[in-house]
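Worksheet: one structure, shown below.
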Amino acid sequence: CVTGPATVIQAVGAGRRASEAIDSFLMHGYIKESQIDYSCSRGSMEDLPKWEFESMPKFQRAKMPAISLNERKNNFDEVETGLSEDAAKAEAMRCLQCGCSERYDCSLRGEATAHGIEFIKPVHERPLIPIVKDHPFIVRDHNKCISCGRCIAACAEVEGPDVLSYYMKQGRQLVGTKSGLPLEKTECVSCGQCVNACPCGALRVRTERGKVFNAINDPSKTVVAFVAPAVRSIISSHFGVTYDEASPFMAGLLKKLGFDKVFDFTFAADLTIVEETTEFLTRVESKGVMPQFTSCCPGWVNYVERKYPEIIPHLSTCKSPQMMMGATVKNHYSKLAGIDKKDLYVVSIVPCIAKKFEAYRPEFAPEGIRDVDAVITSSEMLKMADLKFIETKDIVPQEFDEPYKQVSGAGILFGASGGVAEAALRMAVEKLTGKALTDHLDFEEIRGFEGVKEATVEADGAKVRVAVISGLHNAEPIVERIIKGEEVGYDLIEVMACPGGCICGAGHPVPEKIDSLEKRQSVLVNIDKTSKYRKSQENPDILRLYKEFFGEANSHLAHELLHTHYSP
Ligand code: HC1
Ligand code: SF4
């Protein structure tokens, strides 16, 4: 709901559902993000009259995805369901009134409707529990929780930190943190898998799309979007475009949304490989701390800082590609384009919730100006397109913008587990042997969805032993052996918090609802196979950036802008 003038609430009641109306007001610049309390989803909305839904314009109703009546039929007028029409509408209205973000895509309602369960007014009304806001991006509403335990299982078994559990309060079973501490103060890594697992909107992520619409509407800002490697995997499924059409389609979509410049942050994945592999080779040569762990997944970095600070010296000092891209755009592009940093509004588009948390860290806001001003998830981006009624036919595919236009297939692979290690191997082997790698570019043994994969690459006397881990609980045995001082037999270890890597990030739509993880992976693998450049170190735009700006890999300026430090 909106804090502020009642007129806004009344405007909300005039034919559009509340949150969409609010988004629309933001989109057009009528209200500011600061006027909205996203965590409040009940209260005054509870009293919205039935006519609000019934007066909704027909085109709007037809737009409503998946309301779960009669197996997700879109149009209320044509509903055929086990429920009487009145009962079905009453059930739908209840969710509409509560303003829940999941109301059109709620698995709980889907199940209830499929089993012909009718909503009956409860004999006992439970008292309202205040919304819990103990994390900067994850909001919990006990009033909607059905105690199914999926969030607890996602945290413990899918991702691994295991910070949630049930507890009893005033005769009700609730979900809270195991330690009783606020979520932000626990070993929560901010991956957001709990939110994706919740079937009924009791857990939500704070959206930042309002801020982005505000910036797009502000003529004093140049608004730049850059988009993560894994996002194209769901673009392909969502809009029905082939893998080779996905990248230009995505660039066209972002331009249509109103961004002034659109970059591919696969470019920064290439930059990461050059920086991180150079760091790795330096550690090998100088007998530095080994094995080296990758640092591009903020969920993994949070885990190390919170649970295993002893292994911080093993973490690569490289920032993630997101933060490298932010720093590069704010420091290199701003100069090149002659735009003051404060007038450059930088938006990252990712499949990841932890990246919202990462961009918000104070060390990534030098002199109070954030390197990345807002992070929106792939799901938020799709919603923005929906709000602007953008459809496939409206998109004009185009290339990404200069000066970060060229990207390599190796960088694209970052989006799935094994991709970072594979891209690093394509450079490390070349550097160690002094010979161009031409015939063995595919390291298939480290691709796929196994929790732990390994490979030993030997070429011309050089040997690199690699482990690839996804799912944080799978990292624990190796980390604990390193802490005990044991030799684990690896030189380089990639860890991604989400099982299967970013294609399974919680900022993407839930896989089974639109596609499969295998399909997402194949989009990235196919793009790599058909890429003009398949090694990060060959990307001509990267080579030019070093020549014109950074000097060389791991240079003083590169350290200043592309590397970081970690705090226990
Ligand atoms: Fe990822 Fe990465 S691959 S972490 O999964 O290293 O989000 O796509 O953007 O930063 O490039 C996510 C994806 C992403 C970073 C890169
Ligand atoms: Fe984010 Fe990817 Fe890490 Fe998941 S694996 S937390 S999506 S960076």
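The values are calculated or read from the model by the stated rules, or taken from the named source; none is laboratory data. All values derive from a computational prediction rather than experimental measurement. Please note: Cβ atoms are built from the backbone with ideal geometry, for glycine as well, and neighbour counts cover all protein chains shown. Note: accessible area is taken over every heavy atom of the protein model, side chains too, but ligands, DNA and RNA are not part of it. Shrake-Rupley method; radii C 1.70, N 1.55, O 1.52, S 1.80 Å.
Roughly how much of M384 is accessible, in Å² to the nearest 10, using a 1.4 Å probe?
0
P(r) of the range 299-388 in 5 Å steps, Cα pairs, percent per bin?
For the range 299-388, the binned pair fractions read 3, 12, 20, 20, 17, 15, 8, 3, 1, 0 percent.
Starting from a Cα-only point model with no solvent, please compute log10 I(q)/I(0) by Debye for the range 472-568 at q = 0.15, 0.19, 0.20, 0.21 1/Å.
Reported log10 I(q)/I(0), two decimals: -1.06, -1.12, -1.10, -1.09.
Given a Förster distance of 56 angstrom, what is the FRET efficiency for T392 paired with K484, based on the Cβ-Cβ distance and rounded to 0.05?
0.55
Can you give me the distance in nm between label points at V289 and E399, each placed 7 Å from the Cα along the Cα-to-Cβ direction?
4.3
Counting other Cβ atoms within 10 Å, which chymotrypsin sites (Phe, Trp or Tyr not before Pro) in the range 345-434 have at most 14 and lie in a DSSP loop?
Of the chymotrypsin sites (Phe, Trp or Tyr not before Pro), the ones in loops of the range 345-434 whose Cβ has at most 14 other Cβ atoms within 10 Å are F389.
Can you work out the FRET efficiency for the pair Y566 and A114, with r the C-beta to C-beta distance and R0 = 41 Å, to the nearest 0.05?
It comes to 0.30.
Which entries of K341/K383; K435/K535; K261/K335; K221/K261 show an alpha-carbon separation above 18 angstrom in the structure shown?
Where the Cα-Cα span goes over 18 Å, the pairs concerned are K341/K383.
For the range 169-234 and the range 308-374, what is the centre-to-centre distance using only Cα atoms, to the nearest Å?
18
Quick one: order K211, K144 from most to least accessible surface, probe 1.4 Å.
Ranked list, largest accessible area first: K211, K144.
Scaled to the compact-protein estimate 2.2 N^0.38 Å, what is the alpha-carbon radius of gyration of the range 426-499, rounded to two decimal places?
Computed over Cα atoms of the range 426-499, the ratio equals 1.22.
For the range 333-382, what size does the Cα cloud have along each of its three principal axes, sorted from largest down, in whole Å?
Largest first, the range 333-382 extends 33, 24, 13 Å along its Cα principal axes.
Each residue of the range 472-489 in turn: what ³J(HN,Hα) in whole Hz from Karplus with 6.51, -1.76, 1.60 and θ = phi - 60°, glycine and Pro shown as x?
These are the phi-based 3J(HN,Hα) values: 5, 4, 6, 7, 4, x, 5, 4, 5, 5, 5, 5, 6, x, 7, 7, 9, x Hz.
Measure off 7 Å from each Cα along the Cα-to-Cβ vector at K532 and H440, then give the distance between these two points in nanometres to one decimal.
Simple spin-label model gives 2.9 nm for this pair.
What is the Rg over Rh value, at two decimals, for the range 143-230, using alpha-carbon atoms and the Kirkwood definition of Rh?
That ratio is 1.12, to two decimals.
Nothing charged except the Cβ atoms of Lys and Arg (+1) and of Asp and Glu (-1): what's the magnitude of the dipole of the range 136-240 about its Cα centre? Round to the nearest 20 debye.
320
Could you rank the peptides 257-270, 156-169 by their average count of other C-beta atoms within 10 Å per residue, with the highest value first?
Most protected by this proxy first, the peptides run 257-270, 156-169.
From the backbone phi of the range 275-287, what are the Karplus-calculated ³J(HN,Hα) couplings (6.51 cos²θ - 1.76 cosθ + 1.60, θ = phi - 60°) in whole Hz, Gly and Pro given as x?
Calculated HN-Hα couplings, in order: 5, 6, 6, 4, 4, 4, 5, 5, 5, 4, 5, 8, 6 Hz.
Return the distance in nm (one decimal) between the two label points of a simple spin-label model at Y166 and L557, each offset 7 Å from Cα along Cα→Cβ.
5.9
With every protein chain kept in the model, how would you rank H115, H473, H559 by accessible area, 1.4 Å probe, largest at the top?
From most accessible down to least: H115, H559, H473.
Relative contact order of the range 127-247: what whole-number percent is it, with Cα pairs under 8 angstrom and at least 6 residues apart?
Relative contact order, the range 127-247: 22 percent.
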